[in-house]
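Visitor: Pasting a structure below so you can have a look.
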Amino acid sequence: MSAQTPSGGPLLDGPADPEHDPRASYALEPGYVRALTDRLVATTGDTSPVESPLNGQPLAHVPQSSTADVEEALSRARRAHEKWAASPLEQRTEALLRLHDLVLDRQAEICDLIGLEGGKARKDAFMELAHVALTARYYARTARDHLQTRRVPGLFPGLTHVQVNRVPKGVVGIISPWNYPFTLALSDGLPALLAGNAVVIKPDAQTMLTALLGAELLEEAGFPRDLWQVVAGPGREIGPPLIAGADFLCFTGSTATGKVIASQCAERLIGCSLELGGKNPLLVLRDADIETATEGAARASFSNAGQLCVSSERLFVADQVYDRFVDRFVARTEAMTLGSSLDWSVDMGPLISQDQLDTVTAHVEDALAKGARVLTGGRARPDLGPYFFEPTVLEGVSPDMTCFGEETFGPVVSLYRFHDEADAVARANAGQYGLNAAIYSEDGRRAREIARQIRCGTVNVNEGFGATFGSLAAPMGGMRQSGMGRRQGAEGLLRYTDTQSVATQRGLRIGPSFGLSQEQYAKLMTTSLRVLNKIGRA
């Protein structure tokens, strides 16, 4: 008899033998999974299976939410927000600092779950939790600078007293992706909590457990449980009621879906921030250090198997160093270790799903059929696991090929030779996206001047993406079709607030007084305006 899943479907063909087939048993203890999924607002009785992309081993059956469940989650969050918004800022910052330490203390557990659920190499999983810790610490330490009431100049110096307050939006909806399921679930929500909001989050179905572990850690750090509500289900079903009840929406995902969400938010006149697709360029200038550039390019192209919004997919290399760069880059790529281990020995794990594998395969096959050349890689590796694809370097990619302009979101990168830096910048700016770019040069000043010409929200010099992504004081987001709004920095926090200006007028009313006529008052105001301009007052 074939083994069965809890829902009754076949688990594998042949005997259920965990010793020989990982699909015959669950990778996680049922009690551990239940403690996580109990946090969901989900009463339908339906579940969705989750398997590890490493080897197809079952992980969980995740309860699914209904529209009514989303509405209940929003109601709970709104009640929690009312109390939380009145809490002292110090209480919120202390919880963030406790979260910082908790994430570091529990890093082994977090890395294991990210690896099992997303297939990510451990070094990339660690960078997720490090980013959450950095985010928690940055906003905790800078909260007062960003959120305290500010005094600004008034109409009449000394007589008009003006304060600007930062008021929380209320309930923030977050729709988070599968590719960085820990940091993109938590790091967008932490500044929302700090500002006094509550959160209702819909993580991607493929990595729900990782997001739920984040919710558990938030409660352990001291955030009230009802302040962070989690719902589960298909985006087309529970996304609209989430947007219909939230006061602000944060989304990370595809440009096509982002446009739909922006339209739905516009109907309600609520704000949104959207980090969307990219076809990110990396430029290697003629004076680049080749070892630094090839190491950075390999990491920028193949971290998390290329499933990274800021991953490089287009490499433009100066003619003077092209051959040397290609030789070293291909050698580095071929030296990478692929595997399904949860330890530190693996450089790259699998893709997340069959759909993602199909997309990557289709892009490569299309390019080869139209004349592109594979310098290394180019094949699926079912011998390693169901969704493995080799890190692939292409040459001779032309505009008629799918991977020329469309985001692959996999371990595939195209090489292009350039003779003139102005031409390289123009080619880097071609297309619809503008998320991230990188420039390699030993002349930092010149590289920064070129960076200003590139239409991307973040540009890294002598690094692929980590310099901007890890610098929490710097805003991060896309230009053009790569999104709107910013995470990180002051903007990443203030997006979750409304400004409220409170002005107190003293001594002199705004209008004629002391028996002046309207005409005399206008002449007095004209003289005053000229004087204030002359003395340089804003």
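Visitor: Extension gain Ile510-Ser48, at 0.36 nm per residue separation less the Cα-Cα distance, in nm?
Guide: 159.9 nm
Visitor: To continue, here is another question. For Glu82 and Glu237, what is the calculated FRET efficiency with R₀ set at 22 Å and r taken between the beta-carbons, to the nearest 0.05?
Guide: Plugging the Cβ-Cβ distance into 1/(1 + (r/R0)^6) gives 0.20.
Visitor: Need one number: % antiparallel among DSSP beta bridges in the chain, to the nearest 5.
Guide: If I count the DSSP bridges inside the chain, around 40 percent turn out antiparallel.
Visitor: Count charges around Pro181 for me, please; just the other residues with Cβ under 11 Å from its Cβ, Lys/Arg as +1, Asp/Glu as -1.
Guide: Within the 11 Å Cβ shell, the charges total -2.
Visitor: Classify the stretch 43-109 from the C-alpha gyration tensor, please: rounded if a/c falls under 1.5, else prolate or oblate depending on whether a/b exceeds b/c.
Guide: It comes out oblate by the Cα gyration axes.
Visitor: Ordering Glu313, Glu71 by how much accessible area each has at a 1.4 Å probe, largest first, what is the list?
Guide: Sorted by accessible area, descending: Glu71, Glu313.
Visitor: Another question about this same structure. If pairing requires two Cys Cβ atoms under 4.7 Å apart, which cysteines of the chain are left without a partner?
Guide: Unpaired cysteines in the chain: Cys111, Cys250, Cys309, Cys403, Cys456.
Visitor: Just the accessible area for Val260, please: 1.4 Å probe, Å², rounded to the nearest 10?
Guide: Around 80 Å² of this residue is reachable by solvent.
Visitor: Suppose every Lys and Arg Cβ carries +1 and every Asp and Glu Cβ carries -1, with no other charges. What dipole size does the stretch 467-538 come out with about its Cα centre, to the nearest 20 debye?
Guide: 160
Visitor: Sticking with this one: Would you mind working out the magnitude of the charge dipole of the chain relative to its Cα centre, with +1 at each Lys and Arg C-beta and -1 at each Asp and Glu C-beta, to the nearest 20 Debye?
Guide: With only Lys, Arg, Asp and Glu charged at Cβ, the dipole is about 3360 debye.
Visitor: Counting Lys and Arg as +1 and Asp and Glu as -1, what is the net charge of the other residues whose Cβ lies under 13 Å from the Cβ of Arg495?
Guide: Net charge in that neighbourhood comes out at -1.
Visitor: If r is the Cβ-Cβ distance from Arg151 to Ala490 and R0 is 25 Å, what FRET efficiency results, to the nearest 0.05?
Guide: With a Förster radius of 25 Å, E is 0.90.
Visitor: Quick check on the chain: helices-only [θ] at 222 nm, where DSSP H runs of length 4 and up contribute -39,500 (n - 2.57) each and the sum goes over total residues. Nearest 500, please.
Guide: -12500 deg cm²/dmol
Visitor: Can you figure out the FRET efficiency of Asp498 with Thr67, using R₀ = 25 Å and their beta-carbon distance, to the nearest 0.05?
Guide: E between Asp498 and Thr67, to the nearest 0.05, is 0.35.
Visitor: Would you tally the net charge around Gly444, using a Cβ to Cβ cut-off of less than 14 Å, leaving Gly444 out, and scoring K and R as +1, D and E as -1?
Guide: -2
Visitor: Shifting gears a bit: Heads up, I need the accessible area for His419: 1.4 angstrom probe, whole protein in place, Å², nearest 10.
Guide: For His419, solvent-accessible area is about 150 Å².
Visitor: Between Leu529 and Val164, what is 0.36 nm times their sequence separation minus the Cα-Cα distance? Round to one decimal in nm.
Guide: Taking Leu529 through Val164 to full extension adds about 129.0 nm, to one decimal.
Visitor: Another question, if that's okay. Which whole-angstrom value gives the distance between the alpha carbon centres of the stretch 383-444 and the stretch 260-283?
Guide: 22
Visitor: Right, something else. On a straight-distance basis, which lysines could pair with Lys370 in a cross-link, Cα separation under 22 angstrom, same-chain partners fewer than 8 positions away excluded?
Guide: Of all the lysines, those that pass the test against Lys370 - Cα under 22 Å, at least 8 places apart if same chain - are Lys279.
Visitor: Which of rounded, prolate, oblate describes the stretch 37-161, given a ≥ b ≥ c as roots of the alpha-carbon gyration tensor eigenvalues and a/c under 1.5 marking rounded, otherwise prolate only if a/b is larger than b/c?
Guide: Taking the square roots of the gyration eigenvalues as a ≥ b ≥ c, the stretch 37-161 is oblate.
Visitor: Once label points are set 7 Å from the Cα along Cα→Cβ at both Ser263 and Ala467, what is their separation, rounded to one decimal in nm?
Guide: 3.9
Visitor: On to the next question. Just subtract the alpha-carbon distance of Asp383 and Leu368 from 0.36 nm times their residue separation and send over the number in nm, one decimal.
Guide: 3.1 nm
Visitor: Please report the accessible area of Ser353 (heavy atoms, 1.4 Å probe, ligands and nucleic acids excluded) in Å², nearest 10.
Guide: Rounded to the nearest 10, the figure is 20 Å².
Visitor: Could you pull out every one of the lysines with an alpha carbon less than 27 Å from that of Lys169, ignoring same-chain neighbours closer than 8 positions?
Guide: By straight Cα distance, Lys169 reaches Lys83, Lys202, Lys259.
Visitor: Suppose each label sits 7 Å from its Cα in the direction of the beta carbon; what would the Glu219-Asp319 distance come out to in nanometres?
Guide: Each label point is offset 7 Å from its Cα along the Cβ direction, giving 6.4 nm.
Visitor: Right, next: Consider a paramagnetic label point 7 Å from the Cα of Met479 along Cα→Cβ; state which residues of the stretch 246-281 have an amide N under 16 Å from it.
Guide: Counting only backbone N, you get 276-281.
Visitor: Using a probe radius of 1.4 Å on heavy atoms only, what accessible surface per residue do you get for the stretch 157-313? Whole Å² is fine.
Guide: Each residue of the stretch 157-313 exposes 25 Å² on average to a 1.4 Å probe.
Visitor: Classify the chain: rounded, prolate or oblate, from the alpha-carbon gyration tensor (a ≥ b ≥ c, eigenvalue square roots; a/c under 1.5 rounded; otherwise prolate if a/b is larger than b/c)?
Guide: Oblate is the answer for the chain, as a/c is 1.5 or above yet b/c matches or exceeds a/b.
Visitor: When the accessible area of the chain is split by element with a 1.4 Å probe, what percent falls to carbon and sulfur?
Guide: 51
Visitor: Could you do me a favour and compute the accessible area per residue for the stretch 408-484, 1.4 Å probe, result in Å²?
Guide: 41
The values are calculated or read from the model by the stated rules, or taken from the named source; none is laboratory data. All values derive from a computational prediction rather than experimental measurement. Note that each Cβ is placed from the backbone with ideal geometry, even for glycine, and that neighbours are counted across all protein chains shown. Areas reflect the complete protein model, heavy atoms only, side chains present, ligands, DNA and RNA absent. Shrake-Rupley method; radii C 1.70, N 1.55, O 1.52, S 1.80 Å.
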